[in-house]
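Each remark here refers to the structure printed beneath this line.
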Amino acid sequence: MARTQKTKTKPADAPVRIETAPDIVAPAAKTPAGKIATLVALMRRPEGAEIEEMIAATGWQAHSVRGAISGSVKKALGLEVASVKEVDVRVYRIAPGAEA
């Protein structure tokens, strides 16, 4: 014997409740702050920044700097980071016209 699903029904004269959407606010411009801003500033220089420079500026370990570049700078801020191996050192740069 199959069970039937009971549904709650409202009386025909019940007031209709209309859901209203909250006021839509434009998202604030993504502006880096703190140590992320320091990384962005270093990478915006024409010569870019080596990982050692970023470690010295933030006090983070190398894997934390690389993670911040990948997560906060690339994904959250949407900046395009170029990484080039020059001689024996990798240099990270952000394009001069990139917004953040």
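The values are calculated or read from the model by the stated rules, or taken from the named source; none is laboratory data. Just so we're clear, the structure is a prediction, and the values are computed from it rather than from any experiment. Counting neighbours? That spans all protein chains shown, and the Cβs are built from the backbone with ideal geometry, glycine included.
Here are a few things to note about the model shown:
- Residue in the range 55-63 that is buried (at least 17 other Cβ atoms within 10 Å of the Cβ) and of a type in the set (S, T, Y) present: yes
- Number of positions in the range 69-89 that are among the polar types (S, T, N, Q) and surrounded by 14 or more Cβ atoms within 10 Å (Cβ to Cβ): 1
- Scan of the range 37-78 for residues that are over 17 Å from the mean Cα position of the chain (by Cα) and polar (S, T, N, Q), ordered by number: T58, Q61
- The range 5-61 - residue that is assigned to a loop (DSSP other than H, G, I, E, B) and of a type in the set (V, I, T) and, of those, modelled with the highest pLDDT: T31
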